[in-house]
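Worksheet: one structure, shown below.
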Amino acid sequence: MLSSRAKALFAESRDLGEPRDATERLLRWRKKSGDWLASLLDMNRFALCTKNTDHPASLERRKVYQVLGDRRASKHGQLRVIDESGEDYLYPEEYFIPIKLPQAAERAVLRST
């Protein structure tokens, strides 16, 4: 569930004629607010890896990873992710795009970890 602040910003972005895709609106909101992790944690717990520069053994591009809340890391542009080792580590947030999984997919991903 989105926070009321995130909902208001999403509604505002629709009024401005910006893309209606939720992920795109979230990314635009992230650029405006600088605190996209808070919305990510309100919305879901997963992100899609789009880049793995300097971490090819730990992250696979085009793979979904579970995200853990760490607001202090977010203030430094980092995201706490459970990577291929099964442990949580900090990675640059620009390596990921937050995603919303259907409930069945979310349960399946959480069971497999």
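Laboratory data are not the source of any read-out in this text; all were calculated from the coordinates shown. The structure presented is a predicted model; accordingly, all values stated were derived computationally and were not measured. Reconstructed Cβ throughout: ideal geometry from the backbone, glycine too, with neighbour counts over all protein chains shown.
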Query - Count - residues of the stretch 75-100 that are in contact (Cβ under 8 Å) with a residue 24 or more places away in the chain and under 11 Å from the mean Cα position of the chain (by Cα) - result: 10
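Show me the strands (runs of 3 or more DSSP E) found entirely inside the stretch 55-113 where at least 2 residues are within 14 Å of residue 45 (Cβ to Cβ). Give the derivation first.
Numbers: elements: 64-68, 78-82, 88-92, 96-99.
In the stretch 55-113, 64-68, 78-82, 96-99 are the strands (runs of 3 or more DSSP E) which contain 2 or more residues that are within 14 Å of residue 45 (Cβ to Cβ).
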